[in-house]
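Single-structure report; data block below.
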Amino acid sequence: MHQFSLARLAAGLAAGEFSSRELTAHFLDRIERHDPRLNAFVTVTRDAALAQAGAADARLRAGEAGPLTGIPLAHKDIFCTEGVRTSCASRMLDGFTAPYDATVVERLKAAGMVMLGKTNMDEFAMGSSSETSWYGPVKNPWDPARVPGGSSGGSAAAVAARLAPAATGTDTGGSIRQPAALCGLSGLKPTYGRVSRWGMIAFASSLDQGGPMARSAEDLALLLPAMAGFDERDSTSSPEPVPDYPAQLDEDVKGLRVGLPREWFREGLDAGVAASIEEARRVLEGLGVVFRDIDLPNSALAVPAYYVVAPAECSSNLARYDGVRYGYRCEAPRDLEDLYRRSRSEAFGAEVKRRIMMGTYVLSAGYYDAYYLKAQKIRRLIADDFRAAFAEVDLILGPTSPTRAFRLGEKTADPVTMYLSDIYTIAVNLAGLPGLTVPAPMAGGLPVGLQLVGDYFQEGRLLNLAHRLQRTTDWHLATPPGFD
Amino acid sequence: MSLQHSDVEKIARLAHLALNGDEADAYATELSGILDLVAQMERADTTGVTPMAHPLDMPQRLRPDEVTEGDRRDFYQAIAPATERGLYLVPKVID
């Protein structure tokens, strides 16, 4: 059952081949058996999951089921879940029980999906390796000596190891796409505003976007309609109607114009990744896709601008953790200032503190124009590059990450080396565009991710091309050894 | 761009973070490295470019000024570190 697609699971549930309770128990047992090796989950909600599964079975029997009713999933521990610890993998929120459900959680619950638990991640989603978690690092199921990517590394590892059929993630600079790529999954970062941010713990509000992680584009297309759509409680939620993504999956891709940014295939790209992307490109060419080289001239400015914008917004957002209203409070504070300073210093990890300080610095008096304003102008240049490209092509294709999964500890000594893991994904967040990753052929026993980027609200087209690729190839079906 | 120990202490104070001596030196080195990366922005000519505040250039949505939520104070205070009679408790700030 753990190898079934979401459509196959839905068919099995509808036909009474298995119940949601049986299915849920099967995944809970797999988590219990395999997760000690991976550390993908920070909380497993066994009893609640079985109760939700029982309710889903009742809906299925009553003929009131939707396409996702009774199917289990895991939520990244950045989404608030009512009555369940929501830690953001930080000591700051280790004892925090969310008083409400995030919109994404609420909507997937209403669709009848069953929550298995909450997944591990980089602390406050700040990282590209899932090593900064208060609960310890997540391991990549393809090689436990390697990272799963981050920040949604627990979700990626859980789905790759078949401990959950699908999971939610969030992507501020690549945090859905990069771990999905490094674990051999399909993952989608929707257009900014497509999925509500309400109840999703904020890191950098102008970049944060939630999305689905699963084993195929078809699975993503089933999940997205249940997550997306206008939400009054998110002031940047888009009123754009949600199209029928599954209906677009099989559309013909003959004549589709796809751009290859020259800047994404230069030095810094691992040769194994480049060869794998080229193999996937040739398959797409065989389907009638027309490729042409394009330029995104300001690509090299994306990472520098991001490390101004993201820390600046992070320092504002994380100012709320003061040890007064919720979260960690230090022992025996001398006075109010001591309470703030010690609570924050004892409960935030090194990377979070680094980014808070970076953000505080770039926003401090006298530096605003040189850093934040300059970065926001570069953001415009980057968005304009994409705009010009989409006048010539329908989609953009390239690598998701410059390398395959790296070793635990390999990039922790130098923050800048870690930051460059997101060199191909960050520009997409700065522009607010949708981006998707799907597996390309493996290289040296490790997964490689192929990234597709579309114009605003073109998620349907991304899913369509990815699905056509997956109909022709079996790269997305590979299972990590020991987890089949 | 290189930050000194004293710069880091000032930033930490603004950010309400407490650092010990060794930490400040480590952060000075790391933040200077990040600022070197960020300095690559200077290569871009941004004369006359309008800064981008929102990816979709959407204006902030407004709603009628109406009460939409009931009183949930007790509920929200149930997760606070210390409260008394509906108030959040902090160390004494006025003598």
- request: Show the residue pairs that are 6+ apart or on different chains and have beta-carbon atoms under 8 Å apart, the first residue being within the range A:16-35 and within 22 Å of A:GLY482 (Cα to Cα), the second being basic (Lys, Arg).
  value: A:LEU28/A:ARG46; A:ARG30/A:ARG162
- request: Under 8 Å between Cβ atoms, at least 6 apart or on separate chains: pull out the pairs that start in the range A:446-459 with a residue that is over 15 Å from A:GLU279 (Cβ atoms) and open to solvent by 20 Å² or more (accessible area, probe 1.4 Å) and end on any residue that is not aliphatic (A, V, I, L, M) and not in a loop (DSSP other than H, G, I, E, B).
  value: A:ASP455/A:PHE386
Those residues of the range A:414-434 which are assigned to a helix (DSSP H, G or I), facing chain B (nearest Cβ under 8 Å) and open to solvent by 20 Å² or more (accessible area, probe 1.4 Å), in sequence order: A:VAL416
message: If I ask for residues that are open to solvent by less than 60 Å² (accessible area, probe 1.4 Å), within 27 Å of B:ALA78 (Cβ to Cβ) and either of a type in the set (S, T, N, Q) or not in a helix (DSSP H, G or I) (or both), which ones from the range A:310-342 would you list?
response: A:ASN317, A:TYR321, A:ASP322, A:GLY323, A:VAL324, A:TYR326, A:GLY327, A:TYR328, A:ARG329, A:CYS330, A:PRO333
field: For A:ASP208: the one exception among (1) in contact with a strand residue (DSSP E or B) (Cβ under 9 Å, 6 or more places away or on another chain); (2) open to solvent by 10 Å² or more (accessible area, probe 1.4 Å); (3) within 14 Å of chain B (Cβ to nearest Cβ)
entry: (2)
task: Please verify whether the range A:250-268 includes one or more residues that are open to solvent by less than 30 Å² (accessible area, probe 1.4 Å), touching a helix residue (DSSP H, G or I) at 6+ places or on another chain (Cβ under 6 Å), at negative phi and not acidic (Asp, Glu).
output: yes
- prompt: Is there a residue being open to solvent by 50 Å² or more (accessible area, probe 1.4 Å), outside any helix (DSSP H, G or I) and within 26 Å of A:ARG194 (Cβ to Cβ) anywhere in the range A:105-118?
  reply: no
query: Take the residues of the range A:343-376 that are modelled with pLDDT of 95 or more and among the acidic types (Asp, Glu): which is most open to solvent (accessible area, probe 1.4 Å)?
result: A:GLU346
task: For B:ALA39, state whether it is free of Cβ contacts under 8 Å to residues at least 40 places away in the same chain, open to solvent by less than 50 Å² (accessible area, probe 1.4 Å) and not in a loop (DSSP other than H, G, I, E, B).
output: yes
- request: Take B:SER32 and decide whether it is open to solvent by less than 30 Å² (accessible area, probe 1.4 Å), more than 8 Å from chain A (Cβ to nearest Cβ) and either of a type in the set (S, T, N, Q) or over 26 Å from A:ALA332 (Cβ atoms) (or both).
  value: yes
- request: Quickly run through the range B:44-78 and pick out the residues that are within 30 Å of A:MET92 (Cβ to Cβ) and open to solvent by less than 50 Å² (accessible area, probe 1.4 Å).
  value: B:HIS54, B:PRO55, B:GLN77
- line: The correct count of residues that are out of contact with any helix residue (DSSP H, G or I) (no Cβ under 8 Å at 6 or more places or on another chain), in a loop (DSSP other than H, G, I, E, B) and open to solvent by less than 40 Å² (accessible area, probe 1.4 Å) in the range A:67-100 is 2
- request: Pick out the one residue from A:VAL324, A:VAL258, A:VAL289 that is at the interface with chain B (Cβ under 10 Å from one of its Cβ atoms), touching a strand residue (DSSP E or B) at 6+ places or on another chain (Cβ under 9 Å) and either at pLDDT 95 or above or closer than 28 Å to A:ASN464 by Cα (or both).
  value: A:VAL324
- prompt: Got a sec? Which of A:ALA405, A:ALA388, A:ALA302, A:ALA383 is open to solvent by less than 10 Å² (accessible area, probe 1.4 Å) and more than 11 Å from chain B (Cβ to nearest Cβ)?
  reply: A:ALA405
- prompt: Is there a residue being among the small types (Gly, Ala, Ser) and open to solvent by less than 20 Å² (accessible area, probe 1.4 Å) anywhere in the range A:269-285?
  reply: yes
- request: Would you please name the residue that is farthest from the other protein chains (Cβ to nearest Cβ), looking only at residues in the range B:11-28 that are at pLDDT 95 or above and open to solvent by 70 Å² or more (accessible area, probe 1.4 Å)?
  value: B:ARG13
query: Applying the selection to the range A:6-40, what residues are among the charged types (D, E, K, R) and out of contact with any strand residue (DSSP E or B) (no Cβ under 6 Å at 6 or more places or on another chain)?
result: A:ARG8, A:GLU17, A:ARG21, A:GLU22, A:ASP29, A:ARG30, A:GLU32, A:ARG33, A:ARG37
message: Going by what's in this entry, would A:THR168 be described as more than 22 Å from A:VAL308 (Cα to Cα) and either touching a residue at least 60 places away in the same chain (Cβ under 8 Å) or assigned to a strand (DSSP E or B) (or both)?
response: yes
message: Suppose we filter A:GLY83, A:GLY112 for residues that are within 14 Å of another protein chain (Cβ to nearest Cβ), at positive phi and small (Gly, Ala, Ser); which single one remains?
response: A:GLY83
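The values are calculated or read from the model by the stated rules, or taken from the named source; none is laboratory data. Everything quoted here is computed from the prediction, not taken from an experiment. Here the Cβ is made from the backbone with ideal geometry for all residues, glycine too, and neighbour counts use every protein chain on show. In case anyone asks, the SASA skips ligands and DNA or RNA and just uses the protein heavy atoms, side chains included. Shrake-Rupley method; radii C 1.70, N 1.55, O 1.52, S 1.80 Å.
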